[in-house]
Amino acid sequence: LGSPKNVGVVMFGRDPLAIDTTAARIMGFEPYNIPYFNAASWSFPGFTESSIVYKGEHPKRYATKFSCLPALANLQGGPFW
């Protein structure tokens with residue numbers, strides 16, 4: 001299990017993939033490197049940041065790296081970094 005980290009943001013929307021990829025970007029992960037996101041990107045919109053419409057503040061404002069297992073460290077360094 002990981003350690004909780006208060007980022008100070010609440011996200012919601014109609015597109016679950018857009019929410020998940022935005023959350024990954026906020027946590028410092030590159031969605032293209034996560035197999036689930038990469039597989040979903042072929043079938044669903046909302047994968048690329050340019051395809052997401054943010055109605056509030058840009059989530060980059062909340063970007064913060066989360067600590068992760070060494071085996072997953074290669075997933076970090078996403079587009080908000």
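The values are calculated or read from the model by the stated rules, or taken from the named source; none is laboratory data. Here the structure is a predicted model, which means the values were calculated and not measured. Quick reminder, even Gly has a Cβ in these numbers, built from the backbone with ideal geometry, and neighbours come from all protein chains shown. Ligands, DNA and RNA are stripped out before the accessible areas are found, and what is left, the full protein with its side chains, is counted by its heavy atoms. Shrake-Rupley method; radii C 1.70, N 1.55, O 1.52, S 1.80 Å.
Filtered by the rule that a residue be open to solvent by 60 Å² or more (accessible area, probe 1.4 Å) and modelled with pLDDT of 85 or more, segment 57-68 gives 57, 58, 60, 61.
If you go through segment 37-48 one residue at a time, do you hit one that is touching a residue at least 12 places away in the same chain (Cβ under 8 Å), assigned to a loop (DSSP other than H, G, I, E, B) and touching a strand residue (DSSP E or B) at 6+ places or on another chain (Cβ under 8 Å)? No.
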